[in-house]
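S.K.: Here it is: the structure, laid out below.
The values are calculated or read from the model by the stated rules, or taken from the named source; none is laboratory data. Not measured: the values here are computed from a predicted model. With ideal geometry, Cβ positions are generated from the backbone for all residues, glycine too; neighbour counts draw on all protein chains shown. The accessibility values were calculated without ligands, DNA or RNA, using every heavy atom of the protein model including side chains. Shrake-Rupley method; radii C 1.70, N 1.55, O 1.52, S 1.80 Å.
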Amino acid sequence: MENKNIALVTGASKGIGLAITKRLIIEGFFVVMADIDENKEMRNHENTSFIKTNVAQEEDVKTLFNTIKARFKKLDLLVNNAGIVRDNLIGNMPLADFNLVLDINLKGVWMMCKEASELMKENNKGRIVNITSRAWLGNRGQTNYSASKAGVVGLTRALALELGKYNILVNAIAPGLIDTPLTQALRKDVLDKLIAAQPTKTMGLPDDIANAVAFLGSYQTQFITGQTLYVDGGKSIGSNM
Ligand SMILES: NC(=O)c1ccc[n+]([C@@H]2O[C@H](COP(=O)([O-])OP(=O)(O)OC[C@H]3O[C@@H](n4cnc5c(N)ncnc54)[C@H](O)[C@@H]3O)[C@@H](O)[C@H]2O)c1
C-alpha cells in the first residue's frame with residue numbers, strides 16, 4: 001500500500017460508486033470507501049478500507065479525514081459520488097426533502113472538498129472528481145435534486161480556480177440515465193419512457209462513469225480543470241423529437 005495512490009470514494013458501496021471503486025483498484029489505487037452502508041463483498045479486499053460515513057454530517061467527515069491523515073498522510077484523488085433523490089412536484093415536496101437532498105448532494109460535497117483540499121495542498125498534488133447529473137440542467141419533479149447538482153457544477157468551477165496553482169484539478173461528471181439501484185427503483189413505464197427519450201435508446205452502465213473517473217482522476221491529465229463531462233448517451237444535447 002505504501003507506494004499506491006490513495007483514492008477516497010463516497011457512496012462507494014453500490015451502484016456507480018462501487019463500479020468506480022473497482023475500476024480505481026485496477027488503475028492501481030488503494031480505495032477508501034466512505035458510505036453509510038458497508039459492501040460485504042469488498043470487506044476483505046486488500047486494496048480497500050471501509051469507513052462508515054454520512055457525508056452530510058460534519059463530525060463524520062472530520063473523523064474520516066483524521067483517519068486518512070493518520071493512516072496515509074495524503075490523498076491523491078477524491079471522488080464525491082454519494083447522492084440521493086427525493087422527487088416530487090414542488091407543491092407536494094416537503095421542505096425536509098429539499099433540505100435532505102441539498103445536505104447530502106451539495107453540502108456533503110462542499111465539506112469533503114474543504115477537507116480534501118487542505119490535505120492535497122500539503123502535498124501539492126490532487127484530483128477531485130464530483131459526480132453531478134445531467135439533471136442539473138433541469139428535470140420536472142426534481143427542484144431539489146436539480147438545484148443540488150447545479151450547485152455541484154458551480155462549486156466545481158469555483159474550486160478549480162482556487163486550487164489550480166496547487167496542482168489540484170477539479171472536474172465534474174454529469175451522468176445521464178445509468179442502470180443502478182437508484183434507477184431500478186423507478187416504475188417500469190417511467191423507465192421505458194426515459195430510455196425512449198435517449199438518443200442512444202439505451203441506459204448507461206456504472207462502468208461508463210467509472211471509465212470517465214479513471215481518466216479525469218488520473219495524473220495523465222495536467223490541463224483539464226473546472227469542466228463538466230457529460231456521460232449521458234447524448235441526452236444533454238437537446239430535443240430529440
Ligand atoms: N443512476 C443514475 O442514473 C444517475 C444519473 C445521474 C447522476 N447520478 C448520481 O450518481 C451518484 C451515484 O448514484 P447511484 O445511481 O449509484 O446511486 P445508488 O443509490 O445506487 O448508490 C448511492 C450510494 O450512496 C450511498 N449514500 C447515500 N446517502 C449517503 C450519505 N449521506 N453518505 C454517504 N453515502 C451515502 C448509498 O448507501 C449507496 O451506496 C449520485 O450522486 C447520483 O446523483 C446517478
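S.K.: Given Cβ point charges of +1 (Lys, Arg) and -1 (Asp, Glu) and nothing else, what value in debye, to the nearest 20, does the dipole of the chain about its Cα centre take? Walk me through the intermediate numbers first.
M.R.: Details: 28 positive and 24 negative charges, 64 e Å.
Its charge dipole is roughly 300 debye.
S.K.: Let me ask something else. Compute and list, largest first, the equivalent-ellipsoid semi-axes of segment 161-223 from the alpha carbon gyration tensor, each √(5λ) rounded to a whole angstrom.
M.R.: On the way: eigenvalues 212, 24, 21 Å².
Its equivalent ellipsoid spans semi-axes of 33, 11, 10 Å.
S.K.: While we're on this one: Rank 119, 230, 190 by how far each Cα sits towards the positive end of the charge dipole of the chain (+1 on Lys, Arg Cβ; -1 on Asp, Glu Cβ) and give me just the farthest.
M.R.: Projecting each Cα onto the dipole axis, the largest value belongs to 230.
S.K.: Taking the Cα centre of segment 85-141 as origin and charging only Cβ (+1 Lys, Arg; -1 Asp, Glu), how large is the dipole, in debye to the nearest 20?
M.R.: Values: 8 positive and 6 negative charges, 48 e Å.
For segment 85-141, the charge dipole is close to 240 debye.
S.K.: For segment 86-94, just list the computed ³J(HN,Hα) in residue order, Karplus coefficients 6.51, -1.76 and 1.60, θ = phi - 60°, integers in Hz, with x standing in for Gly and Pro.
M.R.: 9, 7, 5, 5, 4, x, 9, 8, x
S.K.: Right, something else. Would you work out what percent of the accessible area of the chain, with all protein chains in place, is carbon or sulfur (probe 1.4 Å)? Please report the intermediate quantities before stating the final value.
M.R.: Values: 6430 of 11940 Å².
Carbon with sulfur: 54 percent of the solvent-accessible area.
S.K.: Going down the list 188/235; 40/121; 40/235, which pairs span over 26 Å between their C-alpha atoms?
M.R.: On the way: 188/235 19 Å; 40/121 33 Å; 40/235 34 Å.
Beyond 26 Å: 40/121; 40/235.
S.K.: Oh, and also: Can you tell me the accessible area per residue over the chain, all protein chains present, probe 1.4 angstrom, in square angstrom? Provide the component values of the computation, followed by the final result.
M.R.: On the way: 11940 Å² over 241 residues.
Here the per-residue accessible area is 50 Å².
S.K.: Right, here's the next one. Of 26, 20, which has the most accessible area with a 1.4 Å probe, and how do the rest follow in descending order? Working shown, then result.
M.R.: Working: 26 135, 20 0 Å².
Listed by decreasing accessible area, they come as 26, 20.
S.K.: I've got another one for you. Please return the longest range in the chain lying between exposed loop sites, taking trypsin sites (Lys or Arg not before Pro), DSSP loop only, at most 11 other beta-carbon atoms within 10 Å, and leaving the sites out. Write out the running numbers ahead of the final one.
M.R.: Numbers: sites that count: 43, 73, 140, 187, 201.
It runs 74-139.
S.K.: Mind pulling the angle between the C-alpha long axis of helix 15-26 and the longest principal axis of the chain? Nearest 10 degrees, somewhere in 0 to 90.
M.R.: Its long axis makes an angle of about 40 degrees.
S.K.: If you consider only alpha-carbon coordinates, what radius of gyration and Dmax does the chain have, in Å?
M.R.: Rg, Dmax (Cα atoms, Å): 17.2, 55.
S.K.: In addition: Taking square-rooted eigenvalues a ≥ b ≥ c of the alpha carbon gyration tensor, is segment 124-241 rounded, prolate or oblate, where a/c under 1.5 means rounded and, failing that, a/b exceeding b/c means prolate? All intermediate terms of the calculation are to be shown ahead of the outcome.
M.R.: On the way: a/c = 2.43, a/b = 1.88, b/c = 1.29.
Here segment 124-241 falls in the prolate category.
S.K.: Related question: Rounded to the nearest 10 Å², what accessible area does residue 205 have for a 1.4 Å probe in the complete protein model?
M.R.: 100 Å²
S.K.: Roughly how far apart, in whole Å, are the Cα centres of segment 13-87 and segment 156-183?
M.R.: Each part's Cα centre sits 16 Å from the other's.
S.K.: Further question: So who's got an amide H within less than 5 Å of the one on residue 172, skipping anything under 5 residues away but keeping other chains? H placed 1.01 Å off N, in plane.
M.R.: The list, which skips near neighbours in sequence, is 130, 227, 228, 229.
S.K.: Can you tell me the 0 to 90 degree angle between the C-alpha axis of helix 108-123 and the longest principal axis of the chain, rounded to 10?
M.R.: On a 0 to 90 degree scale, this one is about 30.
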